[in-house]
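What follows is a single structure, written as structure tokens, with notes after it.
Since every read-out is calculated from the coordinates, none of them should be taken as a lab result. In this text, all values refer to a predicted model and were calculated from it rather than measured experimentally. Neighbour counts run over all protein chains shown; Cβ positions are idealised from the backbone, glycine included.
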Amino acid sequence: MVKWIFFDVGCTLIDETQMWAHRNEETRQMAEAIGRKVTVQEIMDKETACAEAYIPIAPTVAKWLGLPDMAKYRGEFEELYPGAEEVLAKLHKHYKLGVIANQPDNLDGRLEKLGILKHFDVVVSSHDVGCVKPDERIFRLALSRSGASPEECAMVGDRLDNDIEPAKKLGFTTVHIRQGVCATQQPRNKLSTPDYSVTDVYGLLDVFAL
């Protein structure tokens, strides 16, 4: 029986559309400065191709452009998906909620600014713990902090490779939310096939019977 619901953050609860638009434009300018002519659309197409091929996006795009890295993640362009706070509030009345996310620094502060930190009982960020999904250690750390067994947990995320596969391997119930750059990812094996699939946060109310 599920008692805990863990969430990814980017493209799951936070709409990163504007962030990626600015990041891609800044990356395009960085590439142009070293003589690499490319359009923002070409960068976006490369990102989608990486996601569909289960390849890390930022380092692959940077290498393709001849850059050491893409432009910096800009948290000031983050915004919640419609309904995110409402759905979290409803779920939190019946479940413990947590975060397992690959995120830069100050995740707690950013969640607080967006008005949703209050809904989470455990927050595990890759920046703070020194390992990144799909490494199972970050999931095991969340289990340790929550005191829950995998069978008591669900994982909600937008990436089949980073969220669904490792969580399902450990025994979590898995929910794929098809949003953002990874929305077109398709399962490549049984582990990457989610138990449930939704197109937005409102679909979680049906999954968790609310």
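Taking Cβ atoms as reference points and 12 Å as the exclusive limit, the residues near VAL9 contribute a net charge of -4, counting Lys and Arg as +1 and Asp and Glu as -1. For the stretch 176-210, trypsin sites (Lys or Arg not before Pro) meeting the loop criterion (DSSP other than H, G, I, E, B) and having at most 14 other Cβ atoms within 10 Å: ARG188, LYS190. The 3J(HN,Hα) values that the Karplus relation (6.51, -1.76, 1.60; θ = phi - 60°) gives for the stretch 137-149 are, in residue order, 4, 5, 6, 5, 5, 4, 4, 4, 5, 7, x, 9, 8 Hz. Gly and Pro appear as x. A cut-off of 5 Å between modelled amide H atoms, ignoring neighbours fewer than 5 places along the same chain, links MET155 with PHE6, THR173, THR174, VAL175. Bridging of LYS93 to lysines at a Cα separation below 20 Å is possible for LYS3, LYS118, once same-chain residues fewer than 8 apart are set aside. For the stretch 75-115, the square roots a ≥ b ≥ c of the C-alpha gyration tensor eigenvalues yield an a/c of 1.5 or more together with a/b not exceeding b/c, which makes the shape oblate. Distance from the alpha carbon centroid of the stretch 148-210 to that of the stretch 1-48 works out to 21 angstrom.
Using only alpha-carbon positions in the stretch 17-75, the gyration tensor eigenvalues give semi-axes of 16, 14, 11 Å once each is multiplied by 5 and square-rooted (largest first). If a paramagnetic tag sat 7 Å from the Cα of VAL132 along the Cα-Cβ line, which residues of the stretch 52-82 would have the backbone N under 15 Å from that point? In the stretch 52-82, the label zone of VAL132 (backbone N under 15 Å from the point 7 Å along Cα→Cβ) covers 54-64, 68-74. For the listed residue pairs LYS46/LYS190; LYS46/LYS169; LYS72/LYS168; LYS96/LYS133, the alpha carbons are over 24 angstrom apart in LYS46/LYS190; LYS46/LYS169; LYS72/LYS168.
Only Cα pairs under 8 Å and 6+ residues apart enter the sum, and on that basis the relative contact order of the chain stands at 26 percent. For SER197, the residues whose modelled amide H falls within less than 5 Å of its own, excluding neighbours fewer than 5 places apart on the same chain, are HIS176.
Placing dummy labels 7 Å off each Cα toward the beta-carbon, the span from HIS22 to LYS63 is 2.9 nm. Is the stretch 91-210 rounded, prolate or oblate when judged by the Cα gyration tensor, a ≥ b ≥ c being the square roots of its eigenvalues, rounded requiring a/c under 1.5 and prolate requiring a/b larger than b/c? Verdict is rounded for the stretch 91-210.
Shown in residue order for the stretch 35-47 are the 3J(HN,Hα) couplings computed by the Karplus curve 6.51 cos²θ - 1.76 cosθ + 1.60 at θ = phi - 60°: x, 9, 7, 7, 9, 4, 4, 5, 5, 4, 5, 5, 4 Hz (x for Gly and Pro).
The mean sequence separation of alpha-carbon pairs under 8 Å and at least six residues apart, normalised by the residue count of the stretch 17-75, gives a relative contact order of 42 percent. Residues whose amide H comes within less than 5 Å of that of ASP15, counting only those at least five positions distant or on another chain, are GLU79, LEU80, TYR81 (H built at 1.01 Å from N in the peptide plane).
Across the chain, the convex hull enclosing all Cα atoms gives 108 Å³ per residue. What you get for the stretch 17-75, charging only the Cβ of Lys and Arg (+1) and of Asp and Glu (-1), is a dipole of about 160 debye around the Cα centre.
Measuring r between the beta carbons of ALA89 and GLU151 and using R0 = 25 Å, the FRET efficiency lands at 0.45.
Each of MET70, MET1, MET19, MET44 was scored by other Cβ atoms within 10 Å of its Cβ. Arranged with the fewest first, they read MET1, MET44, MET19, MET70.
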